[in-house]
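For reference, the structure discussed in these notes is given below.
The values are calculated or read from the model by the stated rules, or taken from the named source; none is laboratory data. The structure presented is a predicted model; accordingly, all values stated were derived computationally and were not measured. Cβ placement follows ideal geometry from the backbone for every residue including glycine, while neighbour counts extend to all protein chains displayed. These area figures cover heavy atoms from the full protein model, side chains too; ligands, DNA and RNA do not enter into them. Shrake-Rupley method; radii C 1.70, N 1.55, O 1.52, S 1.80 Å.
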Amino acid sequence: MYTEIEAKLKVESLEEVKHRLTELGAEFLQEQLQTDYHFDDANMTLQKTDRCLRLRRQLVDKNERFYLTYKGAKEKSSFKKRQEIEIEISDSDSVQKLFSALGYQKVLVIEKRRFTWRMNDCEIALDELPLIGKFVEIEGPDEQIIADVQRSLGLSDLPHIKKSYAGLITARLRELGKEQREVFLQT
């Protein structure tokens, strides 16, 4: 089992961060369009216990891939830290049928644009999401390396956001009084 450790930071502009990554010699990996399908049971047991069951459709150019991910409850840390199990799958329809047979239903669909970079053993994701804006996620092997990258990017004054994108969007939908459960980027 893998422990995900990351800093999630809300930013006003992704362009400034891209420029800084280029200046620092970070390696640009790819642009992705991700659609995340979140599942839970009728009692919202996973959400209530701070866990996540997600099916991700990832599109890079015209190449489509699917990933099934389980994320455990967040651990006590100044960073977002939790257990993660992720596998690539080839048949997303069968996975959704399996979830349904087990009592899990689709509760939220989120589309985001992601630009990924690599620097100092960290993956840096620049994310644009509907309703909630722009974020930088720095995922790495330990908190010190992540903090160093955050400082190098000039983002050390930004607070870490512990909530998941699903949690942030769900809260935003509640604020707006919307029952809508599918949010897509305006292109």
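When you go through ASP157, ASP142, ASP127 one by one, which is the residue that is farther than 20 Å from ARG51 by Cα, among the charged types (D, E, K, R) and open to solvent by 80 Å² or more (accessible area, probe 1.4 Å)? Quick ask: steps written out before the conclusion?
Details: ASP142 fails: open to solvent by 80 Å² or more (accessible area, probe 1.4 Å); ASP127 fails: open to solvent by 80 Å² or more (accessible area, probe 1.4 Å).
Among ASP157, ASP142, ASP127, only ASP157 is farther than 20 Å from ARG51 by Cα, among the charged types (D, E, K, R) and open to solvent by 80 Å² or more (accessible area, probe 1.4 Å).
I need a count of the residues in the stretch 80-99 that are open to solvent by 80 Å² or more (accessible area, probe 1.4 Å) and within 15 Å of THR45 (Cα to Cα).
So the count comes out to 0.
In the set VAL136, VAL107, which member is closer than 21 Å to LEU14 by Cα and either surrounded by 19 or more Cβ atoms within 10 Å (Cβ to Cβ) or touching a His at 6+ places or on another chain (Cβ under 6 Å) (or both)? Don't jump to the end; show me each part of the working.
Working: VAL107 fails: closer than 21 Å to LEU14 by Cα.
That would be VAL136, the only listed residue that is closer than 21 Å to LEU14 by Cα and either surrounded by 19 or more Cβ atoms within 10 Å (Cβ to Cβ) or touching a His at 6+ places or on another chain (Cβ under 6 Å) (or both).
Need pairs with beta-carbon distance below 7 Å; first residue open to solvent by less than 10 Å² (accessible area, probe 1.4 Å) and basic (Lys, Arg) and within the stretch 4-28, second assigned to a loop (DSSP other than H, G, I, E, B) and modelled with pLDDT of 95 or more; sequence gap 6+ or separate chains.
LYS8/HIS160; LYS8/ILE161
Can you find, within the stretch 60-79, the residue that is farthest from GLN34 (Cα to Cα) among those that are open to solvent by 60 Å² or more (accessible area, probe 1.4 Å) and in a strand (DSSP E or B)?
TYR70
Just name the residue that is farthest from LYS162 (Cα to Cα) out of those in the stretch 29-55 that are of a type in the set (Lys, Arg) and either in contact (Cβ under 8 Å) with a residue 12 or more places away in the chain or assigned to a strand (DSSP E or B) (or both).
So the first thing to find is which residues in the stretch 29-55 are of a type in the set (Lys, Arg), and the list is 48, 51, 54.
Those still in the list that are either in contact (Cβ under 8 Å) with a residue 12 or more places away in the chain or assigned to a strand (DSSP E or B) (or both) too: 51, 54.
Details: ARG51: 13, ARG54: 18 Å.
Among those that are of a type in the set (Lys, Arg) and either in contact (Cβ under 8 Å) with a residue 12 or more places away in the chain or assigned to a strand (DSSP E or B) (or both), it is ARG54.
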